[in-house]
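The structure appears below as structure tokens.
Each value in this text was obtained by applying a stated rule to the coordinates, not by laboratory testing. All values reported here derive from a predicted model rather than from experimental measurement. Positions of Cβ are backbone-derived with ideal geometry, glycine not excepted, and every protein chain shown enters the neighbour counts.
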Amino acid sequence: MKPGVYKVSDLPTDLVRSLELKSDYALFDQARGGSYHFFEVELLKRIKSERQLIEIIRSPVHGHFLVLDGEVQIASADEHQYHGTFARESLAFLQARNSKPAYTAMVFGGGDGCLAREMLQTNKFGSIEIIDWDKDVLRLFSDGEMAEVFNTKDVFTSDVVKVYSEDFRDYRFEDLGDTVDILYFDLTDEAVDDPAWAGQMVDLLTYFIADQRQELVLAVQLGSRFCHTPTANFELLLKALNEKFRDQNIALTHKEICFYIPSYSTYWALGFVGISYA
């Protein structure tokens with residue numbers, strides 16, 4: 001049985017009875033350690049966008065959820081812990097390497113605006129660009145109930161933030177020149193758990209590291225839903241960077257932070273990699 005939002009009437013009768021499910025819908029969520037659990041939820045919205053199935057649900061325990069293709073992305077009860085840590089710890093790592101009055105950042109994914117919300121609260125970012133491929137996600141968090149619940153409406157009206165609704169493989173990175181201080185990857189689990197960081201990720205890093213020789217910081221989430229622990233994923237990322245750019249004579253500094261997220265019922269990790277040239 002795949003994780004996702006199910007109509008209770010479509011579930012096996014024995015399962016419904018054993019779990020005492022009484023609502024119309026239930027979220028089946030598989031934790032990173034392999035365990036699974038059900039939440040009784042209210043289905044607020046279901047949208048089939050050009051890219052994915054978007055579901056907005058609400059539970060008495062964890063509040064509003066954003067679910068993409070059956071996978072939980074964020075919950076209003078605790079997303080601020082994750083996004084706040086992501087913004088503050090990456091900023092501290094960046095400031096220790098390069099002290100500036102204001103920094104320029106690019107966020108790949110992050111269409112919910114929650115990470116950008118936390119970044120704006122630091123007052124240390126003069127420019128934040130969000131590149132997310134789903135217009136419907138951006139629309140949900142820029143206006144309406146989700147914007148109110150997650151306090152993201154101001155993100156999309158800020159003069160500091162620019163939003164591009166496109167696949168970042170189509171984004172014109174050359175327009176930025178050498179002004180980027182930090183790259184955030186706030187992506188789905190499927191992208192996070194790809195240990196090779198293949199395809200478009202490699203193309204992106206090649207542009208900044210090999211073509212522009214840009215000294216910068218990578219800030220990434222490190223998933224463990226599939227076959228790797230967060231630490232193992234971080235080690236794979238560092239190895240891949242060293243192998244891919246061995247001819248560039250780069251030096252890497254790094255830091256990893258691990259913490260527990262109740263709505264995911266698991267530990268999650270964030271990794272920061274500073275790239276400079278020897």
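Distance between the modelled labels on Tyr207 and Asp78, one decimal in nanometres: 3.5 nm (7 Å Cα→Cβ projection).
So, counting K/R as plus one and D/E as minus one, what does the shell of residues with Cβ under 14 Å around Glu20 add up to? Overall, the nearby charge balance is 0.
Once the Cα-Cα distance is subtracted from the 0.36 nm per residue extended length, the Asp24 to Arg88 segment shows a gain of 19.1 nm. With the convex hull of the Cα atoms taken as the outline of region 4-75, the averaged projected area works out to 5.1 nm².
Cα centroid separation, region 110-146 to region 47-108: 9 Å. Using a cutoff of 8 angstrom between alpha carbon atoms and counting only pairs six or more residues apart, the relative contact order for region 4-75 works out to 22 percent. Highest mobility in the GNM of the chain, judged by mean-square fluctuation with C-alpha springs under 10 Å and restricted to Gly63, Gly84, Gly144, is found for Gly144.
Helical runs (DSSP H, four residues minimum) scored at -39500 (n - 2.57) apiece and divided by the length of the chain put the mean residue ellipticity at 222 nm at -7500 deg cm²/dmol.
Kirkwood hydrodynamic radius computed over region 29-127 comes to 15.6 Å, based on all pairs of distinct alpha carbons. The calculated FRET efficiency for the pair Asp154 and Lys45, based on their C-beta separation and a Förster distance of 25 Å, comes to about 0.70. Count the net charge of all other residues whose Cβ sits under 10 Å from the Cβ of Ala87, scoring Lys and Arg as +1 and Asp and Glu as -1. In short, +1.
Cut-off under 27 Å on the C-alpha distance; same-chain residues fewer than 8 positions from Lys45 excluded. Which lysines are left, in chain and number order? In chain and number order, the partners are Lys2, Lys7, Lys22, Lys135, Lys153, Lys162. Over the chain, the reciprocal of the mean inverse Cα-Cα separation, the Kirkwood hydrodynamic radius, stands at 19.6 Å. If Lys and Arg each add +1 and Asp and Glu each add -1, what is the summed charge of the other residues whose beta carbon sits under 10 Å from the beta carbon of Gly111? After counting each charged neighbour, the total is -3.
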